[in-house]
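> Let me give you the structure first, and then I'll get to my questions.
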Amino acid sequence: MLVTLEGLDGSGKTTVWEALHEVYPDATFTREPTSGPTGSWYGDAVYRSIEDDDADSLAELFLYTADHADHLSRVIEPALERGDLVISDRYSDSRYAYQGATLEGEIDRPLEYIVDIHEAFSIDPDLTIYLDLDAETAAARSGSTNKFERAEYLESVRENYERLIEQDSDRFVRVDATQPPEVVLERVKRVLEQALEREDSDPTR
Ligand SMILES: Nc1ncnc2c1ncn2[C@@H]1O[C@H](COP(=O)(O)OP(=O)(O)O)[C@@H](O)[C@H]1O
Ligand SMILES: Cc1cn([C@H]2C[C@H](O)[C@@H](COP(=O)(O)OP(=O)(O)O)O2)c(=O)[nH]c1=O
């Protein structure tokens with residue numbers, strides 16, 4: 001089963017993802033952009049681009065997407081074939097929401113365009129846990145220096161996440177990320193437990 005964690009920067013994804021290692025020690029834990037044990041030079045290239053204030057937004061979309069394609073074939077597909085539970089800190093929805101926002105006004109219907117690119121090769125998550133947080137708090141928590149510009153951008157990213165949730169409401173579970181970390185974690189654990197129980201009772205899912 002493929003589970004993804006999504007949300008704005010600072011919504012608490014990494015905090016939850018790290019805590020889940022103890023709950024599911026046999027799961028495959030991974031992330032996008034790729035880094036650490038499941039990382040690659042594609043992920044390194046993405047982080048280089050993130051640090052470049054003059055990076056071209058379209059080039060950046062394809063860098064993130066190249067990292068995703070490599071991540072799929074090298075990490076995600078083999079893990080799913082082994083029957084592992086796979087838990088990814090960010091995945092394709094981050095591209096739909098973030099690059100959907102950076103490319104607004106540059107190309108026609110960016111969110112739809114990016115979803116289309118993925119359709120030919122990507123694997124949809126079975127479950128996406130969305131840590132829901134307002135843009136101002138997200139910007140403050142993620143330690144953004146340019147608070148207002150950053151919050152404004154995150155606001156349009158959040159609107160894109162809302163569009164994705166509306167289009168695919170069965171896949172997403174929304175968790176209120178304004179709650180204290182331990183409350184968020186308990187809720188995420190419960191959602192995961194229920195999804196795994198459902199999978200056990202209906203393996204065709
Ligand atoms: N539920 C929460 N309430 C308040 N602060 C939180 C919560 N979850 C995480 N944080 C803090 O917010 C910051 C960003 O958390 P992090 O897990 O790195 O978020 P993300 O991976 O979504 O960017 C960290 O300093 C973390 O300790
Ligand atoms: C995976 C992905 C991440 N991003 C962005 C979100 C983050 O601002 C940045 C780095 O991701 P990440 O390291 O997960 O940041 P954080 O832990 O603060 O959420 O990359 C995209 O714009 N598109 C993508 O496809």
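The values are calculated or read from the model by the stated rules, or taken from the named source; none is laboratory data. All values reported here derive from a predicted model rather than from experimental measurement. Backbone-built Cβ (ideal geometry, glycine too); neighbour counts: all protein chains shown. Protein only, heavy atoms only, side chains kept; ligands, DNA and RNA dropped before computing areas. Shrake-Rupley method; radii C 1.70, N 1.55, O 1.52, S 1.80 Å.
> For the range 1-157, what is the accessible area per residue in Å², given a 1.4 Å probe and the full set of protein chains? Walk me through the numbers before you get to the answer.
Values: 7330 Å² over 157 residues.
Ligands and nucleic acids excluded, the figure is 47 Å² per residue.
> Further question: What net charge do the residues around D176 carry, taking every other residue with its C-beta under 9 Å from that of D176, with Lys and Arg at +1 and Asp and Glu at -1?
Local charge sum for D176: +1.
> Let me test this: with uniform point scatterers at the alpha carbons of the range 86-149, what is the Debye-based log₁₀ I(q)/I(0) at q = 0.18 1/Å?
Relative scattering, expressed as log10 I(q)/I(0), comes to -0.85.
> Just from its helices, what would the mean residue ellipticity at 222 nm be for the chain, if runs of 4 or more DSSP H residues each count -39500 (n - 2.57) and the sum is divided by every residue, rounded to the nearest 500 deg cm²/dmol?
-15500 deg cm²/dmol
> What fraction, in whole percent, of alpha-carbon pairs in the range 1-111 exceed 23 Å separation?
Cα-Cα pairs in the range 1-111 separated by more than 23 Å: 30 percent.
> Still on this structure, I have one more. Report in % the part of the accessible area of the range 2-200 that belongs to carbon and sulfur, leaving out ligands and nucleic acids; probe 1.4 Å.
The C+S portion of the solvent-accessible surface of the range 2-200 is 47 percent.
> Something else: Eigenvalues of the Cα gyration tensor times 5, then square-rooted: what semi-axes does that give for the range 65-183, in whole angstrom, largest first?
One finds semi-axes of 25, 20, 14 Å for the range 65-183.
> Quick one, what does Rg over Rh come out to for the range 2-200 if you take C-alpha atoms and the Kirkwood Rh?
Radius of gyration relative to Kirkwood radius: 0.94.
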